[in-house]
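Student: Below is a structure I'd like to ask you about.
The values are calculated or read from the model by the stated rules, or taken from the named source; none is laboratory data. Quick caveat: nothing in here was measured; it's all calculated off a predicted structure. Every residue, glycine among them, receives a Cβ derived from its backbone with ideal geometry; neighbour counts consider all protein chains shown. Side chains included, ligands, DNA and RNA excluded: accessible areas come from the protein's heavy atoms. Shrake-Rupley method; radii C 1.70, N 1.55, O 1.52, S 1.80 Å.
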Amino acid sequence: MRSKEKKGTLLWVLDKTRTAMGARMLRPWMEKPLISVPQIVRRQNAVETLVGDFMLRDRMEKLLMGVNDLERIASRIVYGSANGRDLRSLYQVCARLPQLKACLEGLETPLLRQLYAQMDTLEDIGALIDAAMVDEPPFSVREGGMIRPGFHEEADRLRDLLGGGNARLAAIEQKERERTGISKLKVGYNKEVGYYIECG
């Protein structure tokens, strides 16, 4: 208590959680324990079901160990500070949710049945992220290159402009020479004036 460390506390003894989300949930459960007997029994029954089925528990533990911190990712998305890797992490969570929900299917314990009914597997979000984003996005959104080629026509057009700017300028220059009949016409760019046409 003097050092305010977790080690040596009841929370330290009981915390066998596999995710950051689970650890955050366990703390308030201990600080503000249930006082309603029916709610306590409901939770105990759910725990007993999982403790009694080693195979099910082992499968769920393995799935949970690969789940990134969904709450933190969601808060970064809400505040507009998420990057490409956060979104790919969200996809990886979405990919595991159907398997986690399947683990709860058919269990008779009321609390676990309720969790099964309420769990959204976010398959639509996962499919959208996977279709839209490259597999290895850059860390910063400003680096570009996050959108998968072929996903969005306008993004593809802008990418082509960015990557093939000189070829695009050459094509415009050739087109303008043919249109105007000025053989020495030049199309260029500089930082002072931007894009320009020179007829010298």
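Student: In segment 118-200, which trypsin sites (Lys or Arg not before Pro) fall in coil by DSSP and have 16 or fewer other Cβ atoms within 10 Å?
Tutor: When the trypsin sites (Lys or Arg not before Pro) of segment 118-200 are filtered for loop state and at most 16 Cβ neighbours within 10 Å, Lys184, Lys191 remain.
Student: Next question, about the same structure. Show me the three semi-axes of the equivalent ellipsoid for segment 78-171, from the C-alpha gyration tensor (sqrt of 5 times each eigenvalue), largest first, rounded to whole Å.
Tutor: 40, 13, 9
Student: I need the GluC sites (Glu not before Pro) found in segment 95-200, filtered to DSSP loop residues with at most 15 other beta carbons within 10 Å of theirs. Numbers along the way, then the final one.
Tutor: Numbers: sites: Glu105, Glu108, Glu123, Glu143, Glu153, Glu154, Glu173, Glu176, Glu178, Glu192, Glu198; in loops: Glu105, Glu108, Glu192.
In loop regions of segment 95-200 (DSSP not H, G, I, E or B), the sparsely surrounded GluC sites (Glu not before Pro) are Glu105, Glu108, Glu192.
Student: Ok, one more. What's the carbon and sulfur percent of the chain's accessible surface, probe 1.4 angstrom, rounded to a whole number?
Tutor: Numbers: 8350 of 14780 Å².
Carbon with sulfur: 57 percent of the solvent-accessible area.
Student: Can I ask one more? Once the convex hull of the C-alpha atoms of the chain is built, how many Å³ does it hold per residue, rounded to a whole number?
Tutor: Per-residue hull volume (Cα only) is 192 Å³.
Student: What trypsin sites (Lys or Arg not before Pro) does segment 10-71 have in DSSP loop regions with at most 12 other beta carbons within 10 Å?
Tutor: Lys16
Student: Separate question: Say a site is exposed when it is one of the chymotrypsin sites (Phe, Trp or Tyr not before Pro), sits in a DSSP loop, and has at most 10 other Cβ atoms within 10 Å; what is then the longest site-free stretch of the chain?
Tutor: 1-78
Student: Helix by helix through the chain, keep the DSSP H runs that span 30 Å or more along the axis on Cα and average at least 1.6 on Kyte-Doolittle, and give those back in order. Intermediate results must be reported in sequence, preceding the final value.
Tutor: Details: long enough: 84-104 (31 Å, -0.01).
None pass (Cα extent of 30 Å or more, hydropathy at least 1.6).
Student: Got a sec? What order do Ser89, Ser183 fall in by accessible area at 1.4 Å, biggest, i.e. largest, first?
Tutor: So the residues, ranked largest to smallest area, are Ser183, Ser89.
Student: While we're looking at this one, here's another question. How much net charge surrounds Thr109 when only the other residues with a Cβ under 14 Å from the Cβ of Thr109 are counted, with Lys and Arg +1 and Asp and Glu -1? Each step should come with its number before you reach the end.
Tutor: On the way: positive: Arg42, Arg43, Arg57, Arg113; negative: Glu48, Asp53, Glu105, Glu108.
Net of charged neighbours comes to 0.
Student: With the convex hull built on the Cα atoms of segment 69-113, state its orientation-averaged projected area in nm². Intermediate results must be reported in sequence, preceding the final value.
Tutor: Working: hull surface 15.0 nm².
Average projection, Cα convex hull of segment 69-113: 3.8 nm².
Student: Which value, in Å² rounded to 10, gives the accessible area of Val47 with a 1.4 Å probe and all protein chains present?
Tutor: 80
Student: Something else: Below 8 Å between Cα atoms, with a sequence gap of 6+, how large is the relative contact order for segment 1-126 in percent?
Tutor: It comes to 24 percent, rounded to a whole number.
Student: Moving on to the next point. For segment 1-98, max minus min Cα coordinate along each principal axis, in Å, sorted largest first?
Tutor: 43, 40, 25
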